[in-house]
There are 2 protein chains.
Amino acid sequence: MLWSNSFIPTLREVPAEAESVSHQLMLRAGLIRMLSAGIYSYLPLGLRVLDNIENIIQQEMNSAGAQELLLPALQTQELWQRSGRDKEIGEVMIRFTDRRGRKLCLGPTHEEVITELARTHIRSYKQLPLILYQIQTKFRDEIRPRFGVVRACEFIMKDAYSFDKDDKGLDKNYNLMLGAYQRIFKRMGLKFLTIEADPGVMGGKVSHEFMVPAKSGEDLEVGHIFKLGTKYTEALGARFLDDKGKLQPIIMGCYGIGVSRLIAAIIEQSHDEEGIIWPWEVAPFKVLIIPVDVTDKKMANEAAKIYARLSKENIESLLDDRDERAGVKFKDAELIGIPLEIIIGKEAFKNGKIELKRRRDKKVFFTDRKNLVKKIKQVMKDEAKP
Amino acid sequence: MLWSNSFIPTLREVPAEAESVSHQLMLRAGLIRMLSAGIYSYLPLGLRVLDNIENIIQQEMNSAGAQELLLPALQTQELWQRSGRDKEIGEVMIRFTDRRGRKLCLGPTHEEVITELARTHIRSYKQLPLILYQIQTKFRDEIRPRFGVVRACEFIMKDAYSFDKDDKGLDKNYNLMLGAYQRIFKRMGLKFLTIEADPGVMGGKVSHEFMVPAKSGEDLEVGHIFKLGTKYTEALGARFLDDKGKLQPIIMGCYGIGVSRLIAAIIEQSHDEEGIIWPWEVAPFKVLIIPVDVTDKKMANEAAKIYARLSKENIESLLDDRDERAGVKFKDAELIGIPLEIIIGKEAFKNGKIELKRRRDKKVFFTDRKNLVKKIKQVMKDEAKP
C-alpha cells in the first residue's frame, strides 16, 4: 500500500486520555480512535492487526476440529431467565424493549444461545463430540471503561463451546483447547502464564486463565477456559440419547479469547521508547519501504521498483511515498513498528547496496539489488520463528 | 471437512415460518437458524458463504483503492442530533441510556461516525481523495421482520464512504464504486439491474440502486450508492483547506451493500425444486464427495483417498462420510447445492471410472482415477466464468 493514499494518522504527542503504554501507542500509531469513552474505531492499520490475530485463531481452532459459526449479538432476556443468569449478570448487560414489546439484550457472552441451538439439534450420542466457535462483537455496559480496547463497552471475542457425552470427552476437548490456546499465544509472540482459576459467574468446576504479564503492571487476561459440565444444558434442557437409549444432559466446556484486547497485550510486551515492535505474524505490513527524499526521482523510482517486486512475491509492504522530511519518516517508522525497513538513501546509488533495518533491535543489513528478495525472505524466516 | 464431524442440520420439511424460497432453503440446508423473529445464527455452512461474499467485496473494494476499517456499532445519540437525523431516522434506531447516563444508540448506518472521523483528521486537500469502507453488523428495530435474513433486526452491511475536494472528484469515485459494484454482483453469479433512485433519508442529489429480480416477486435491493455532497460535512463541520488556503466542506459519497441479504438474493435466483445451486465463487465447498455406502470398506477408502488428494490441491471439499442410505445423501447433496459431486458407487470399481455430477444441470461426466484432479480443474475453470 502507498502511505500517501492511506489513512494512517500518526500523532507526535502522547494523548492525555491514555493511561497505559499500549493505549498511548495504539492512538499514536493510528490503530484506533475513540468515539466516546470505551467506544473505539479500528483504523486501517489496527484492522490489519486484528485480521492477522483472527486468522491465527481461526487456523488453530480449525485444526483442533472446531467449526466456526456466527451467533446473533441480539438475544432475548427470556433465555437468560431460563438459565438463571438474568439477575447474576447484573447491570453490565445492556437491555431494552423493542417496538414489538420484546425484551431483548446485547450478548456479553453466548452460553445461553449456543445451548439453545444444541438443545434443538443434538438428539443422539452419535452427534457428539462437537466444538463450535465464533469471532464476534460483544457489548458491556462498562461503568469505568479503561486502557483503550482492554476494558471497553464494545469488544471482539472468540468464544468456543464443546459438547460431549461424558466427562472423558470433556477432558479431551478441554486439553485440545488448552493446547490450541498455547499455540495461538506463542504464534503472537506473547509471553504468557497459564493459571488455574475460579470459574466465578460462568459456573463449572475447573477453569484456566491465560495471563499476559505487562511491564506497566496491568497484566491485559487474554483467555479463559471452563469445564462447565451440565450447568447450562440442565437449565435449558439440552439432552441427548446415550447408547443405551437413556436421556442425559450434554456436557459442556467454554473457551474464550479477548481478540481486540490481544492487540494491547502484544504492544505492552513488545515496544520500546520509540514505538511498537510488531511480532512477525501479527504485523500489519511485513516490510516498510522508505525513500528518504521522494522529490529525488532516482530514489522514488528505486522505491517503486522494490515495492512492485515485493508485491509480486506476495510480501505485504507499505511504501512511504509521502513528501515528508526523512526525520518525520523515520520517527513514524519506529512508531508504527513494521518488522523490516528498507531505506533508500543516497548510499543506495553510491555503492549499489540497499540498507535493511530490523525494527526489533535496529540491526542494519546491507544487500545488493539482485539478492534483495532472497535476503528479505531469509530475515522473514528468522523473524517468523515463535 | 468430514460431514460426520460437521454441524449441518438439514431439514426434510419446509419450515412453516418461512415465506420465501430463499428463507425456506436457508433453513432447510442448515445455513441459518432463528433465535427470535428477525434474529438469526449463521451455522457453519452459512458462515462459509458469508465469508466468500465478504472476500469478493473486499477484493473489489481494495482494488478500487478503498481502505477497510471497522467503526463501532455503539454510537452517541448526540452525534445524530448534530447531523439533524435524530428525529428523521425515527424509532427504527435502537436507543438506550447506559449506567454512566450516556444516551447511546446502535448504528443502523454510519455517515455520522465516519464524518466525525474525517472532521478530526482531514485538514488539507492533500489528504484527499479518500475512500474508507467497513463490513459490519448493523441493527434495526424492525417492526415486521420478514423473509429471514432479508428484513432482519441484525444484519451485515458493507458501507463505504468517499471524501473529495470537488464534484469532479466525487464523480470519479462514484463511477469507480459503480464499476466495483457491477463486478461484485457479476462474480456472485447474479442477474441484477442498476436503477436511478430517490436518495430519500440519506440525502444528496444522485443515487443508484442495485436490484436483484426474484421469481417469487420479492425483488431482495442488494446495493445502494449516493452522491451525498456536503449534507453531513456541513452539519458536522468537516472542512479542509483547499489549494488557495480557503476552508471548504468535504464532498462525500456513500456506498452500501446488504451483505447478509445477498445470500438470499443469490438463492432466489439460483435454485431448483431440489435445493440450492451455488454459483462457483460463493459455494461453501466446491466439491462434495459421496461414497454411496460407507460400510463398504473399498468405497470408504476410495472416498478418503480422493478427499486427501483434493485437500492437497487446495480444492475445498466436503466428504459425506455419514453412515446413511444413498437416497438420504443424494437428497442432502441436491439441497445444500455444492457445484460438483463425486459419486463413489460400485461402478467405480467395475470399470475403474469415477462419476462426477454437476449440480447446476445434473450433467454427469466420467473420468479415470489418474485424470480426476485435471478433470475437476477443467470443470472448475468453466464454472468460475461469471
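The values are calculated or read from the model by the stated rules, or taken from the named source; none is laboratory data. Model, not experiment: these values are computed from the prediction. Backbone-built Cβ (ideal geometry, glycine too); neighbour counts: all protein chains shown. Calculation scope for accessible area: heavy atoms of the full protein, side chains included, ligands and nucleic acids excluded. Shrake-Rupley method; radii C 1.70, N 1.55, O 1.52, S 1.80 Å.
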Report task. Could you tell me whether A:Phe185 is on the phi < 0 side of the Ramachandran plot and assigned to a strand (DSSP E or B)? Result -> no
Report task. Out of the residues in region A:9-32 that are open to solvent by less than 20 Å² (accessible area, probe 1.4 Å), in a loop (DSSP other than H, G, I, E, B) and aliphatic (A, V, I, L, M), state the one that is farthest from the other protein chains (Cβ to nearest Cβ). Result -> A:Ala18
Requested in this report: Determine whether region A:107-121 contains at least one residue that is open to solvent by 50 Å² or more (accessible area, probe 1.4 Å) and either over 20 Å from A:Ser36 (Cβ atoms) or at pLDDT 95 or above (or both).
Outcome: yes
Query raised in the report: Just wondering, is there one or more residues in region A:234-241 that are closer than 30 Å to A:Val21 by Cβ, at pLDDT 95 or above and part of a strand (DSSP E or B)?
Result: no
Query - Pairs, first assigned to a loop (DSSP other than H, G, I, E, B) in region A:37-59, second acidic (Asp, Glu), C-beta under 8 Å, six or more apart - result: A:Gly38/A:Glu142; A:Gly38/A:Glu154
Query raised in the report: Within the bounds of region A:247-260, is there any residue that is in a strand (DSSP E or B), over 30 Å from A:Glu78 (Cα atoms) and touching a Ser or Thr at 6+ places or on another chain (Cβ under 9 Å)?
Result: no
Requested in this report: Please note which strands (runs of 3 or more DSSP E) are completely contained in region A:279-386 and include at least 3 residues that are farther than 24 Å from A:Leu27 by Cβ and open to solvent by 10 Å² or more (accessible area, probe 1.4 Å).
Outcome: A:353-358, A:364-368
Report summary line: Screening B:Val206, B:Val201 for residues that are out of contact with any Phe, Trp or Tyr (no Cβ under 9 Å at 6 or more places or on another chain) and open to solvent by 40 Å² or more (accessible area, probe 1.4 Å) leaves only B:Val201
Report summary line: Restricted to region A:37-75 and to residues being among the polar types (S, T, N, Q) and open to solvent by 20 Å² or more (accessible area, probe 1.4 Å), the residue farthest from B:Leu35 (Cα to Cα) is A:Asn52
Query raised in the report: If a residue has to be of a type in the set (A, V, I, L, M) and within 13 Å of the chain's Cα centre (by Cα) to count, how many in region A:249-304 make the cut?
Result: 10
Query raised in the report: Among the residues of region B:122-154, how many are out of contact with any His (no Cβ under 7 Å at 6 or more places or on another chain) and open to solvent by less than 40 Å² (accessible area, probe 1.4 Å)?
Result: 20
**Report entry** Condition check for A:Ile156: assigned to a strand (DSSP E or B), touching a helix residue (DSSP H, G or I) at 6+ places or on another chain (Cβ under 9 Å) and over 23 Å from B:Pro72 (Cβ atoms)
**Finding:** no
Query raised in the report: Looking at A:Gly204, A:Gly189, which one is of a type outside the set (Asp, Glu) and over 23 Å from the mean Cα position of the chain (by Cα)?
Result: A:Gly204
Query raised in the report: Here is a list of conditions, (1) at the interface with chain A (Cβ under 8 Å from one of its Cβ atoms); (2) under 20 Å from the mean Cα position of the chain (by Cα), and B:Gly38 meets all of them except one; can you say which number that is?
Result: (1)
Report summary line: When every residue in region B:155-181 that is closer than 30 Å to B:Glu19 by Cβ and open to solvent by 30 Å² or more (accessible area, probe 1.4 Å) is compared, the one nearest to the other protein chains (Cβ to nearest Cβ) is B:Phe155
**Report entry** Condition broken by B:Gly148, with the remaining ones in (1) under 28 Å from A:Asp98 (Cα atoms); (2) at pLDDT 95 or above; (3) small (Gly, Ala, Ser) satisfied
**Finding:** (2)
Query raised in the report: Any residue in region A:63-79 that is farther than 30 Å from B:Ala66 by Cα and in contact with a Gly (Cβ under 6 Å, 6 or more places away or on another chain)?
Result: yes
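Let's see how each residue does on (1) touching a Leu at 6+ places or on another chain (Cβ under 7 Å); (2) open to solvent by less than 30 Å² (accessible area, probe 1.4 Å); (3) within 24 Å of A:Gly148 (Cα to Cα); (4) not aliphatic (A, V, I, L, M):
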{"site": "A:Ile184", "(1), (2), (3), (4)": "no, yes, yes, no"}
{"site": "A:Lys215", "(1), (2), (3), (4)": "no, no, yes, yes"}
{"site": "A:Thr233", "(1), (2), (3), (4)": "no, yes, no, yes"}
{"site": "A:Ile267", "(1), (2), (3), (4)": "yes, yes, yes, no"}
Query raised in the report: Picking from A:Arg95, A:Arg151, A:Arg140, A:Arg123, which residue would you name as being farther than 24 Å from A:Ile57 by Cβ, of a type in the set (D, E, K, R) and more than 9 Å from chain B (Cβ to nearest Cβ)?
Result: A:Arg123
Report task. Show the residue pairs that are 6+ apart or on different chains and have beta-carbon atoms under 6 Å apart, the first residue being within region A:67-90 and within 13 Å of chain B (Cβ to nearest Cβ) and at positive phi, the second being at pLDDT below 95 and not in a helix (DSSP H, G or I). Result -> none
Query raised in the report: What number goes with the only condition from (1) buried (at least 22 other Cβ atoms within 10 Å of the Cβ); (2) among the charged types (D, E, K, R); (3) over 27 Å from A:Leu176 (Cα atoms) that A:Asp86 does not pass?
Result: (1)
Requested in this report: Tell me which residues, restricted to region A:84-127, are basic (Lys, Arg) and part of a helix (DSSP H, G or I).
Outcome: A:Lys87, A:Arg119, A:Lys126
Query raised in the report: Can you tell me which of B:Glu88, B:Glu78, B:Glu54 is out of contact with any Leu (no Cβ under 8 Å at 6 or more places or on another chain) and at pLDDT below 95?
Result: B:Glu88
Query raised in the report: Taking region A:188-224 on its own, how many of its residues are touching a strand residue (DSSP E or B) at 6+ places or on another chain (Cβ under 6 Å) and closer than 18 Å to A:Phe155 by Cβ?
Result: 9
Requested in this report: For A:Asp219, indicate whether it is closer than 24 Å to A:Gly38 by Cβ, modelled with pLDDT under 95 and within 23 Å of the chain's Cα centre (by Cα).
Outcome: yes
